[in-house]
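The values are calculated or read from the model by the stated rules, or taken from the named source; none is laboratory data. Just so it is clear, the structure is predicted and the values come from calculations on it, not from any experiment. Every residue, glycine as well, gets a Cβ built from its backbone with ideal geometry; the counts of neighbours run over all protein chains shown.
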Amino acid sequence: MHPEFEPVIGLEIHAVLETRSKMFCDCRLVASTHEQPNVAVCPVCSGMPGTLPVVNHAAVEYALRVALALECEIATTSIFARKSYFYPDLPKGYQISQYEQPLARNGRLKIDTSQGEQTIRIRRVHLEEDTGKLTHLNEDGETYSLVDLNRSGLPLLEIVSQPDMHSAKAVRAYAFGLRSILRYLGVNSGNLEKGFFRIEPNVSIRPVGSRTLGTRTEIKNLNSFRALERGVTYEIERQTELLLQGKDVVQETVGWDEAEQATVSQRSKEDADDYRYFPEPDLPPLVIEQDWVDEIRASLPELPHAKFKRFQAEYDLNAYDAGVLVADEAVADYFEAVVAADAPPKLAANWISGELFGLMRQQDVGIEQLNLPAEDLAGLIKLVDAEHINQNTAKEVLEEMLTSGESAAAIVKARGLQQISDPEQIAHWVQGVLLGNPNQVAEYLGGKQALSGWLFGQVMQAAEGKANPRLLRAELDRQLEELSEGR
Ligand SMILES: [Zn+2]
């Protein structure tokens, strides 16, 4: 980042509320990438004349959960409006959205970055319906577009932050934190690729110390958190470069091009006036009873940030470990179950974020599908902690646990994998290796320190991997020291 300029970034996030049906009709929710086009469509969501929308009660409840989790003020009365524009993915010619009177305002979300904790203010949270999806094709020189209305009318929650972020890292932390909250609340799967969680940052640059905002651009087409971070970084650099050359930034929408790793201009930004917003005459004002709000508030789970703080305090974990564990509620629950079964918390965190995350990535499954009950992992960790088996053996045992479903203790016993801590036995192995490799020992004693690791490996091999590594290390050092003194 150029020292004279400061990026100012706000985020609009669109999350599909994953209720059973669409926002204003009974059509079921389908992910457009996983179904045939136009299989979940009816007269309402295809915009037939004479049809009337009916608000999906569950979508309002989901929206309230999010608004309360973000500590927003809830509007007792909010209004749906028509946002008019002409585009083939919008069969009615307008989108029903909340505009002047949104469901909720003035919330906040705490994020943790390397610079510490920061509070990002939420400007508003409102309900709307999704549009259809266009696929542009080019065959034999003919270009045409296909319209899929499966997505038309999906319940969408738009969450708009204040421009409180000043780096790509902060943007990522905010988007990641928000997605985590939506998943905890069970309202959204957080799937960026499916388009169920869409992140649109707006980025501007201003001289450090200035209070006025620069001209902003909005970035679309960010399909992963990596793309988000790169897209924002690219846009910051592009705008800074323009300003340094004395040029102006144009207010526009840009799209992230994954292949080019660059943003490309899509269209200049319409003013809000162009949409001719007016209250939706077919829907009454949305009235929220205070009792309902209280009931939902009382039912909220412990949220990621609170859990993050508690994990550090209660289990003495560092911020990194706590952050990794709380990002996914199922993982956090699993961790607590492993600790409840008497595994030391730090070891449990390491095993989960190391071996188990590796397996989850490999098999592309969640922790609950790993076929490894928390008590079983705790059993394995306790064997390591008590030095009955070493780390490497434990990894082998874990593999067998996953395939056979046997407990760690049973596998260790059956295969004779128990770690050997007998000092005499270890001394014997060390001695054997030192006598058997006189040249390497001489080189080591002559100053080639790196050979100590090689000798360690030889002894471990002689012990068939079962020696207690801590005792082995100490014994090897002791015998080498003795030889060194005897020279
Ligand atoms: Zn429908």
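Filtered by the rule that a residue be surrounded by 13 or more Cβ atoms within 10 Å (Cβ to Cβ), farther than 15 Å from E475 by Cα and more than 46 Å from the chain's Cα centre (by Cα), the stretch 412-440 gives N437, Q440. Taken together, the residues in the stretch 40-88 that are within 16 Å of the ligand (Cβ to nearest atom), among the small types (G, A, S) and crowded, with 18+ Cβ neighbours inside 10 Å amount to 3. Taking the conditions exactly as written (in a helix (DSSP H, G or I) and either at pLDDT 90 or above or not assigned by TED's automatic domain parsing to the domain that holds P469 (or both)), does D342 satisfy them or not? No, not satisfied. Entry remark, the stretch 407-424: residues being among the acidic types (D, E) and either modelled with pLDDT of 90 or more or within 17 Å of V338 (Cα to Cα) (or both) number 1 in total. E329 passes every criterion in (1) touching a helix residue (DSSP H, G or I) at 6+ places or on another chain (Cβ under 9 Å); (2) more than 20 Å from G190 (Cα to Cα); (3) of a type outside the set (S, T, N, Q) apart from (2). When R230 is tested against (1) in contact with a strand residue (DSSP E or B) (Cβ under 7 Å, 6 or more places away or on another chain); (2) part of a helix (DSSP H, G or I); (3) not hydroxyl-bearing (S, T, Y), exactly one condition is not met: (1).
Quick one: would you say K382 is outside any helix (DSSP H, G or I), of a type in the set (K, R) and either under 34 Å from the mean Cα position of the chain (by Cα) or farther than 30 Å from A348 by Cα (or both)? No, not satisfied.
For the stretch 111-156, which residues satisfy the criterion of being among the hydrophobic types (A, V, I, L, M, F, W, C) and within 16 Å of the ligand (Cβ to nearest atom)? If you could, list the steps in order and put the result at the bottom.
Kept after step one, since they are among the hydrophobic types (A, V, I, L, M, F, W, C), are these residues of the stretch 111-156: 111, 120, 122, 125, 127, 134, 137, 146-147, 149, 154, 156.
Within the stretch 111-156, V147, L149, L154, L156 meet the criteria.
Scan the stretch 53-72 for residues that are touching a strand residue (DSSP E or B) at 6+ places or on another chain (Cβ under 6 Å), part of a helix (DSSP H, G or I) and without any contact (Cβ under 8 Å) to a residue 60 or more places away in the chain and the total you get is 1.
Restricting attention to the stretch 22-39, does a residue exist that is more than 13 Å from the ligand (Cβ to nearest atom), closer than 25 Å to L192 by Cβ and touching a Phe, Trp or Tyr at 6+ places or on another chain (Cβ under 9 Å)?
Step one: of the stretch 22-39, the residues more than 13 Å from the ligand (Cβ to nearest atom) are 31-37.
Retained after the next criterion (residues that are closer than 25 Å to L192 by Cβ): 31-37.
Retained after the next criterion (residues that are touching a Phe, Trp or Tyr at 6+ places or on another chain (Cβ under 9 Å)): 31.
The answer is yes, given that some residue of the stretch 22-39 is more than 13 Å from the ligand (Cβ to nearest atom), closer than 25 Å to L192 by Cβ and touching a Phe, Trp or Tyr at 6+ places or on another chain (Cβ under 9 Å).
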